[in-house]
Amino acid sequence: MAAITVKGLRKSYGDNEAVRGIDLEVTDGEVFALLGPNGAGKTTTVEILEGYRHADAGEVSVLGLDPARNAPALRARIGIVLQSTGIDQYLTVRETLSMYAHYFEHPRQVDELIEIVGLEEKRDSRVTSLSGGQQRRLDLAVGLVGDPELLFLDEPTTGFDPSARREAWQMVRNLTALGKTVLLTTHYMDEAQYLARRVAVMARGRIVAEGSPDSLARHGGDARVRFRVPDGLEAPFGAASDGVVEVVAMDLARTLHEVTTWALANKVNLDSLDVLRPSLEDVYLRLVGEAAS
Amino acid sequence: MINLRRTLYQLRFTNLAYWRNPSSALFTFAFPLMFLVIFTALLGRHTFMLDGRLVHQTTYYVAAMASYGLISACYVNLAMVMTFQRDQGILKRVQGTPMPSMAYLAARVIHALAVAALLVVLTAAFGRIVYQADLPTGMALIRFVVMFLVGALSFSAMAFAVSSIIPNADAAPALVNITIMPLLFLSGIFIPLGDHAPTWVAWVGKLFPVRHFAAGMQSGFLGTAFNWSDVGVVALWGAVGLAVAARRFDAEPRV
């Protein structure tokens with residue numbers, strides 16, 4: 001079952017084409033990351049799925065509903081954690097969650113939510129007294145209060161210190177254990193790689209690549225094999241720089257075979273052998289760079 | 001009916017946040033009461049002629065500060081709070097839930113009305129106890145309640161309209177006050193106009209809703225004439241406010 005299906009989605013603001021015809025499919029129960037630089041059209045896309053904005057063209061189905069027409073029915077079943085939505089500063093954590101719980105027909109228990117996001121010690125503190133990370137955890141709790149089938153997380157860790165990020169990631173992982181579908185937008189590669197089963201890279205209003213983080217990494221071109229040639233031996237496969245040979249492996253098995261055959265014949269133990277794969281970051285930067293040019 | 005239940009539950013939290021927010025509780029609740037004490041203490045000893053009647057200034061100020069209390073709660077506070085809530089993305093977040101926007105906004109208006117009622121009751125009680133001011137009774141009380149309700153709803157509607165025009169939260173206090181402070185002075189709220197105000201001041205009073213509203217409110221206290229046309233003008237401004245708000249009011253923060 002597809003939690004989200006998008007076909008040919010377009011949206012312009014005046015002359016600015018924010019989204020230029022994208023297709024997406026997010027399966028039930030998966031964490032899907034929409035990755036892209038600022039201004040790529042991620043937020044516009046997600047806000048159309050959430051029913052905040054209306055598409056100019058294309059088909060959109062979220063949990064089987066059209067967000068433009070069935071926003072009230074849809075909002076009972078989704079949770080939205082936006083980048084910059086405020087929360088009343090003068091209520092306590094528990095009061096805030098009780099208030100939002102009342103907006104839903106079948107909310108989760110407030111105390112249970114406080115535990116899920118680890119704010120037990122701040123239960124009766126006012127929102128003003130929470131740290132940035134704690135406020136973000138409260139945001140997440142508010143997003144979960146309606147026990148949603150599908151959760152939208154917009155840039156969940158922007159501005160976090162590394163340990164707060166790890167914590168937030170662990171929390172998102174725990175969500176998938178609960179069977180939630182998560183659509184995550186982020187401009188951090190490592191976040192997408194760590195959390196998502198599938199990733200779509202968006203740049204300039206288009207999806208420029210899509211797949212699992214591993215398969216995307218393979219988009220980056222072939223693996224390279226690198227090893228050191230001992231002094232006095234002539235380097236195979238062309239020139240070595242500073243005694244290091246780097247070969248592009250169109251066929252990794254064949255290249256490795258050739259390297260090991262040469263090594264056995266020359267009694268080289270290859271203790272410096274590396275197989276290098278392009279990182280998702282390399283791929284991402286290349287894709288985004290291509291889209292920009 | 002489910003929306004009424006939601007509105008009532010929302011009221012609880014609206015109320016909690018109101019009293020904990022110093023700018024709401026202090027500026028919109030304490031100010032009218034503070035002005036009441038100051039004005040009656042400084043200027044309350046005199047009498048003057050209004051509509052051919054001899055009027056005690058204490059009673060005049062009790063009526064005027066009751067009007068100011070309502071405007072403060074339903075217009076000044078509501079316009080600022082709605083702008084802040086929009087700017088901070090609180091309205092957008094609520095919009096992303098199944099809570100009907102109307103139920104949420106209704107809680108805001110009902111709360112403003114309740115705060116206004118509390119201010120009027122406190123003002124009247126202070127006037128009665130300290131200065132033996134006259135209070136509306138009988139038919140005058142009923143007319144007073146009508147003016148109060150029409151005023152509360154109309155000034156709330158104007159609050160939403162002005163909030164929809166304010167670009168951001170930083171501009172809110174200045175813009176809200178610039179729309180209301182001159183009118184409070186030119187409509188006899190802070191300084192009684194008497195029967196010899198300059199013509200242009202009288203025209204400002206005729207055009208804008210504050211003077212009409214204050215006239216309706218003070219008839220119950222002072223025994224001056226009650227004109228349904230005053231109620232009509234306030235309601236007309238309210239209707240214009242509602243029309244502007246319905247077209248322009250938006251939950252999204254302005255970027």
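The values are calculated or read from the model by the stated rules, or taken from the named source; none is laboratory data. Just so you know, these numbers come straight off a predicted model, no measurement behind them. Here the Cβ positions follow ideal geometry from the backbone for every residue, glycine too, while neighbour counts run over all protein chains shown.
Note on the range B:2-108: enclosed helices (runs of 4 or more DSSP H) holding 2 or more residues that are surrounded by fewer than 18 Cβ atoms within 10 Å (Cβ to Cβ) and of a type in the set (V, I, T) are B:31-43.
Among the criteria (1) closer than 30 Å to A:R286 by Cβ; (2) more than 13 Å from chain B (Cβ to nearest Cβ), the one A:G14 does not fulfil is (1).
Please determine, by comparing only the residues of the range B:15-60 that are more than 14 Å from chain A (Cβ to nearest Cβ) and among the basic types (K, R), which one is farthest from B:T123 (Cα to Cα).
B:R53
When you check B:V76 against the structure, is it under 21 Å from B:M147 (Cβ atoms) and under 20 Å from the mean Cα position of the chain (by Cα), yes or no? In short, yes. Of all the criteria given as (1) within 14 Å of chain A (Cβ to nearest Cβ); (2) of a type outside the set (K, R); (3) free of Cβ contacts under 8 Å to residues at least 40 places away in the same chain, the one not satisfied by B:D170 is (1). When A:V182 is tested against (1) at pLDDT 85 or above; (2) outside any strand (DSSP E or B); (3) away from chain B (no Cβ under 14 Å), only condition (2) is not met.
Name the single residue that is nearest to the other protein chains (Cβ to nearest Cβ) among those in the range A:61-96 being farther than 26 Å from A:I114 by Cα and crowded, with 22+ Cβ neighbours inside 10 Å. Here the residue is A:P67. Got at least one residue in the range A:266-280 being polar (S, T, N, Q) and not in a loop (DSSP other than H, G, I, E, B)? Looking for residues that are polar (S, T, N, Q) and not in a loop (DSSP other than H, G, I, E, B), one finds none in the range A:266-280, hence no.
Residues that are surrounded by 21 or more Cβ atoms within 10 Å (Cβ to Cβ) and over 13 Å from the mean Cα position of the chain (by Cα) within the range A:196-207 comprise A:A203, A:G205, A:I207, listed in sequence order.
Confirm whether B:D87 is charged (D, E, K, R) and within 14 Å of chain A (Cβ to nearest Cβ). For B:D87, the condition - charged (D, E, K, R) and within 14 Å of chain A (Cβ to nearest Cβ) - is met. If you go through the range A:105-129 and pick out every residue that is more than 26 Å from the chain's Cα centre (by Cα), surrounded by fewer than 19 Cβ atoms within 10 Å (Cβ to Cβ) and more than 14 Å from every other protein chain (Cβ to nearest Cβ), you end up with 6. Among the candidates B:V76, B:V120, B:V115, B:V109, which residue alone is away from chain A (no Cβ under 14 Å) and over 30 Å from B:P253 (Cβ atoms)? So the residue among B:V76, B:V120, B:V115, B:V109 that is away from chain A (no Cβ under 14 Å) and over 30 Å from B:P253 (Cβ atoms) is B:V120. In the list B:A125, B:A133, B:A152, B:A157, which residue meets the criterion of being touching a residue at least 60 places away in the same chain (Cβ under 8 Å) and either over 28 Å from B:Y104 (Cβ atoms) or of a type in the set (S, T, Y) (or both)? Going through B:A125, B:A133, B:A152, B:A157 in turn, the sole match is B:A133.
Has the range B:181-197 got at least one residue that is more than 14 Å from every other protein chain (Cβ to nearest Cβ), β-branched (V, I, T) and without any contact (Cβ under 8 Å) to a residue 40 or more places away in the chain?
Initial filter on the range B:181-197 (more than 14 Å from every other protein chain (Cβ to nearest Cβ)): B:181-197.
Imposing the further condition that a residue be β-branched (V, I, T) reduces the set to B:189, B:191.
Within this subset, residues satisfying the condition of being without any contact (Cβ under 8 Å) to a residue 40 or more places away in the chain are B:191.
Yes.
Considering (1) at pLDDT 90 or above; (2) more than 8 Å from chain B (Cβ to nearest Cβ), the lone condition that A:H102 does not fulfil carries the number (2).
For the range A:146-163, the criterion of being in a helix (DSSP H, G or I) and buried (at least 21 other Cβ atoms within 10 Å of the Cβ) is met by none of the residues. Residues of the range A:153-166 that are within 11 Å of the chain's Cα centre (by Cα) and hydrophobic (A, V, I, L, M, F, W, C): A:L153 alone. The single residue among A:A249, A:A168, A:A265 that is modelled with pLDDT of 85 or more and small (G, A, S) turns out to be A:A265.
Residues of the range A:181-195 that are farther than 26 Å from A:E17 by Cβ and either touching a helix residue (DSSP H, G or I) at 6+ places or on another chain (Cβ under 9 Å) or surrounded by fewer than 24 Cβ atoms within 10 Å (Cβ to Cβ) (or both): A:V182, A:D190, A:E191, A:Q193, A:Y194, A:L195.
B:N227 satisfies every condition listed in (1) within 20 Å of the chain's Cα centre (by Cα); (2) within 14 Å of another protein chain (Cβ to nearest Cβ); (3) not small (G, A, S) except (2).
When the range B:14-60 is filtered for residues that are free of Cβ contacts under 8 Å to residues at least 60 places away in the same chain and over 21 Å from B:L119 (Cβ atoms), the ones remaining, listed by number, are B:R45, B:H46, B:T47, B:G52, B:L54. Of all residues in the range A:49-65, exactly one satisfies the criterion of being of a type in the set (D, E, K, R) and over 24 Å from the mean Cα position of the chain (by Cα), namely A:D56. Any residue in the range A:191-202 that is in a helix (DSSP H, G or I) and either without any contact (Cβ under 8 Å) to a residue 12 or more places away in the chain or charged (D, E, K, R) (or both)? Yes.
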